[in-house]
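One structure is given below, encoded as structure tokens.
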Amino acid sequence: MLENLNPEQKLAVEATDGPLLVLSGAGTGKTRVLTTRVAYILNNALALPWQVLALTFTNKAANEMKTRLATFSDGASWYASDVWCGTFHSICLRILRANADAAGLRRDFIIYGEDEQKRILKNVFAEMGLDIKDFSPSDWVERISSIKDKGLHSTEHTSDTALKILNAYNAELARLGAVDFGDIILRVLQLFDAFPDILARYQRQFKYILVDEFQDTNAAQMQFLQMLTRGIENPNICCVGDDDQSIYSWRGAEIKNILNFERTFPNAQIIRLETNYRSTPNILGAANSLIRHNTGRLGKDLHTAPNAPAGEPVYVLTVPSDFDEARLVSDIIMRKSDDESYSNYAVLIRAGSLSRLFEEEFTARGIPYKLIGATKFYDREEIKDVIAYLRLLVYPFDDMAFLRIIGKPRRGFGPSAIAKLRAAGANLMDGLRKASLTRKQRAAADAFLSAFDFDWQSVPPTDAAQKLLDNAGYIQMWRESRDADATDRLDNIRELITNVIAKYDTLPEFLEHAALMMTDDNDSDDAAPVDAVSVMTIHAAKGLEFDTVFLPAWEEGIFPNDMAVQSGGLEEERRLAYVAITRARRRAIIINAMSRMVFGNRQYNSPSRFITEMDNHFLDFQGGAPRAYNSYRPYQQFDTSNRPRGASYTASKPRRAPVEHKSAVGRLVTHDEMGGGVVIEDNGDILTVAFKTKGIKKVARQYIKFAD
């Protein structure tokens, strides 16, 4: 059982007495340690299976642990079935079901999801006389979830209005015999608090507690663990996690839980798993040098097994624009060997809106891809809505487009009204003009028809699209929406109009392009090609690994994200970068663009500070990105021309080169007359600068002021 473990892993398995924190870095085998630890406890008769509580964050992780446990027992099913192994919510639900009466619940209570929660909140707002325009059900679903995730006493600082809404909402849940997702853990906390005898029963039962992904726990989950160990001297609780991979604060995770482990559990032992079995020494060296800039961490350094080859350096490429970025990534993928799988490649982006150019370029090149953890650009609700509006403008007989948008925003046309329209005209738009409607419906119909009443062929496609959406009230609908993602939806609409439709001479040409882009899009993993490049956000990539990882848009303002930095989240952004780099097994390629089109305006952002924070010893610069001591090489295509198909893109080892001339390429500058810009070419005394408002100009160095 222990023969395949390294010394640190073996120590973590055998340290069964008292509290233990296992700091498990990326790719260090934490799942093996957790599973082996449970098997070790059972095989050495330290506890019976039902006396072991193993908590995970996904059902997939729980099922994987049960499957592995069965292999340790020669297939004996009692290992897997009798250990209390599951997610926090599944375990707490099991406790609630067994103690429903004491918890004040029906034994057959039901669990409501987001749709049901919204319907309840709409009724609550109506009964309280609150205007739904000011109290969005979607926003309040998130707000109530956040309150409940904070656990006991979380309402102490809640406003009076919020408290009244919460109480009315909970009362309606109780009337319906239901709980919501946030209640599952909170109700167990309340149960334990109100009935110490029930808590004591579970404390006696669980002799060993194990927690996976401890850095992702929220306040309620931490309170659950503290209650189960309250009053027990040196409780046998083992938490496995990585403070350097804590990237979910936006959904309630509190990094202080892992940082304060020794304070919460005195006499705790800390064991660090630092031997990485995934990445090369150069990739780990770059990641280690970056994360060391964080102060809020317990500290560890990943390394490979002794004598492992250094592997390729982490490449840092600077390209002229975001279009070149997508083309460059496609070029590299197209050069793969015939027997190499597309699934070895991944593009990890900071935000979902960055996927569009890669989607379009991959489609044009015939590169199979799948979008993971996000909705494809052309499959997003707001993009489909805009395309439907434009289809109805260009093709007034398109009934499918009509049905999609007649209720966005709401206009009072339900099924009976639609039936009238069908009977009155050749198509729904024709019927809308001719049908006999109520006064209110006629006013809404006339307003809708007038939105389309202009000569769209005489104006540029972007102007026609903007005018139609403004006239129809669609843009205003999202501006007034209280949905948490309303701003993102507006950003996506602006991206479509200013960066996509603007490329076409006519609206019919754009609609043909959109139809082609929407033919084989399917978000389900089952329908996606098995052998495909993965495109996903970095958050969605956590826990995954790929041979080659592309990391585009490493630019200030994008990564690190401006809003995150302004709200004090720089260290979490850096942890996110660390996670991104450590997804790579053999090759990591960081890319920054000198210019990027954002909502119709070309921006000139400087390269990400994360690039300069990494030790250059592990990097290979192929462009004008900033660096401390590497000699400058002007931008070039990523050089694979002299390599056989399937070979590494470069075999050069990381190197330190003396500074012969510190290039200004990539640096932000200002000019007294032309304003701010970024240097895109350095010819000594003459610099070529891309100015934000004046375009690309050649300027004498002496008239330029450097911003950094």
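Between residue 470 and residue 438, the contour length at 0.36 nm per residue exceeds the Cα-Cα span by 9.0 nm.
Full extension of the chain between residue 400 and residue 45 gives 121.2 nm of extra length, using 0.36 nm per residue less the Cα-Cα distance.
Legend: Rg and Dmax of the stretch 427-495, from Cα coordinates, 14.7, 39 Å. For the stretch 110-266, the spread of Cα coordinates along the three principal axes comes to 53, 38, 26 Å, biggest extent given first.
Per DSSP H run of at least 4 residues, take -39500 (n - 2.57); add these up for the chain, divide by its residues and hand me the 222 nm value, nearest 500 deg cm²/dmol.
-12000 deg cm²/dmol
Normalising by residue count, the stretch 170-242 has a Cα convex hull of 106 Å³ per residue.
Volume per residue for the stretch 1-88 equals 103 cubic angstrom (convex hull of Cα atoms). Within the chain, antiparallel bridges make up roughly 30 percent of the DSSP beta bridges whose residues both belong there.
Candidates 206, 83, 670 compared by Cα position along the dipole of the chain: farthest toward the positive end lies 206, with charges placed on Cβ. The Cα trace of the stretch 111-163 gives Rg and Dmax of 11.5, 31 Å, the first to one decimal, the second as a whole number.
Restriction of the GluC sites (Glu not before Pro) in the stretch 1-74 to DSSP coil positions whose beta-carbon has at most 13 other beta-carbons within 10 angstrom yields 3. Over the stretch 218-372, the hull volume per residue, using the convex hull of the C-alpha atoms, is 179 Å³. Inverting the pair-averaged 1/r between distinct Cα atoms of the stretch 295-422 gives 19.6 Å as its Kirkwood hydrodynamic radius. Modelled spin-label separation between residue 232 and residue 449, with each label point placed 7 Å from Cα along the Cα-to-Cβ direction: 7.3 nm. Label-to-label distance for residue 6 and residue 351 is 3.8 nm, based on points extended 7 Å past Cα in the beta-carbon direction.
Taking amide H as placed 1.01 Å from N in the peptide plane, residue 213 has its amide H under 5 Å from the amide H of 240, each at least 5 places away in sequence or on another chain. Evaluate the Debye formula for the stretch 190-280 with equal point scatterers sitting on the alpha carbons, no solvent, and hand back log10 of I(q)/I(0) at q = 0.11, 0.15, 0.21 Å⁻¹, in q order, two decimals. Each listed q corresponds, in turn, to -0.37, -0.65, -1.11.
For the stretch 117-166, a simple Cβ point-charge model (Lys and Arg +1, Asp and Glu -1, everything else neutral) yields a dipole of about 200 debye relative to the Cα centre.
For the chain, carbon and sulfur atoms together expose 49% of the accessible surface, with a 1.4 angstrom probe and every protein chain in place. Between residue 505 and residue 430, the C-beta separation translates, for a Förster distance of 30 Å, into a calculated FRET efficiency of about 0.55.
With Cα atoms as the point set, the radius of gyration and Dmax of the stretch 242-307 evaluate to 13.8, 41 Å. In this view, the solvent-accessible surface of residue 403, computed with a 1.4 Å probe and all protein chains in place, comes to about 70 Å². Gyration tensor analysis over the Cα atoms of the stretch 68-200 returns equivalent ellipsoid semi-axes of 34, 16, 14 Å (largest first, whole Å). Between 196, 597, 344, the Cα set farthest toward the positive side of the dipole of the chain (charges on each charged residue's Cβ, about the Cα centre) is that of 196. Qualifying GluC sites (Glu not before Pro) in the stretch 191-276, where qualification requires a DSSP coil assignment and no more than 15 other C-beta atoms within 10 Å, comprise 233.
Taking the Cα centre of the chain as reference, the dipole from Cβ charges on Lys and Arg (+1) and Asp and Glu (-1) amounts to some 360 debye.
The values are calculated or read from the model by the stated rules, or taken from the named source; none is laboratory data. This is a predicted model, so every value here is computed, not measured. Cβ atoms come from the backbone with ideal geometry, glycine included; neighbour counts cover every protein chain shown. These area figures cover heavy atoms from the full protein model, side chains too; ligands, DNA and RNA do not enter into them. Shrake-Rupley method; radii C 1.70, N 1.55, O 1.52, S 1.80 Å.
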